[in-house]
């Protein structure tokens, strides 16, 4: 602990946490009747971390406990008390992937049912319709230019992650909303600004501004769920998969390089089917 404090300059918070972690680990060694540092094996450390995982400790906590043990053995290596660091190759168990939250079709209908009586409201409706219609990422939508929509109306080419281009379709409601926005856009945009969506200063609308506008409409429309661009993208993917069952098509539409990234939506789809089953199946309703 002196080494970590005075040589490595760890913070007081980290030192206190590592002290607790190493005290706990030392008790495990005593219980296993380990009497020398050389006798500590990789298997013993793996078993210890696995046991903590089964108890429900979060991955971040397990990573810290493992880091404390690694630090201890790095120090012992320096002092020539051990010949290797048995914690070096130990990995923390992976947490199950958290399923993305989505909005129901009814909630989306309510969100998008707004009065477009001002240029800003017209712009915001076009933004939200396009997010949900085409499953765009925030960065993909914010970098769209007006020229892209003058050339193509039924689809648009976007630049995704890794500078990969893909073409996404635009639904009829989104097309209508964009056309309405293009009619009033000259009232807000600077003459030399080519961004599709602009702020009231006439310049390209920033990512942060788009996020804030979605939050504004969530509150104004009385929707409890927090709404952000990726939730609209998740909703798009989930609803398409729900209707079509075509995972490859959803992968293409989202621009995922690996289909394993898209497969998380199959879990959402199964949740939907499970709910339908629970409501509809005569035997599912019966109490045991």
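For this structure, a couple of remarks:
- Each of 150, 157, 129 has some number of other Cβ atoms within 10 Å of its Cβ, and from fewest to most they run 150, 157, 129.
- Take every pair of alpha-carbon atoms less than 8 Å apart whose residues are at least six positions apart; their mean separation over the length of the range 105-279 yields a relative contact order of 23 percent.
- Here the calculated FRET efficiency for residue 15 and residue 59, from their Cβ-Cβ distance with R0 = 22 Å, stands at 0.50, rounded to the nearest 0.05.
- Per-residue ellipticity at 222 nm computed for the chain from its helices equals -17500 deg cm²/dmol, with DSSP H segments shorter than 4 residues left out and the rest contributing -39,500 (n - 2.57).
- Among 48, 216, 132, the residue with the largest mean-square fluctuation in a Gaussian network model of the chain, with springs joining Cα atoms closer than 10 Å, is 48.
- Judged by the mean number of other Cβ atoms found within 10 Å, the most tightly packed of the peptides 229-241, 23-35 leads the ranking 229-241, 23-35.
- Residue order for 227, 120, fewest other beta carbons within 10 angstrom first, comes to 120, 227.
- Label point distance in nm, residue 67-residue 148, each placed 7 Å from Cα along Cα→Cβ: 3.9 nm
- Two-site FRET efficiency, residue 203 against residue 38, from Cβ-Cβ distance with R₀ of 45 Å, rounded to 0.05: 0.10
- Net length available on complete extension from residue 27 to residue 83 is 17.9 nm, with 0.36 nm assigned per residue and the Cα-Cα distance removed.
- Relative contact order for the range 2-78, counting Cα pairs under 8 Å that sit 6 or more residues apart, in percent: 35 percent
- Full-stretch length increase - residue 244, residue 179 - with 0.36 nm per residue and alpha-carbon distance subtracted: 20.6 nm
All of the numbers you see were taken from the coordinates with simple rules; none came from a lab. Quantities reported herein were computed from a predicted structural model and do not represent experimental measurements. Heads up, the Cβs are rebuilt from the backbone with ideal geometry, glycines too, and the neighbour counts pull from every protein chain shown.
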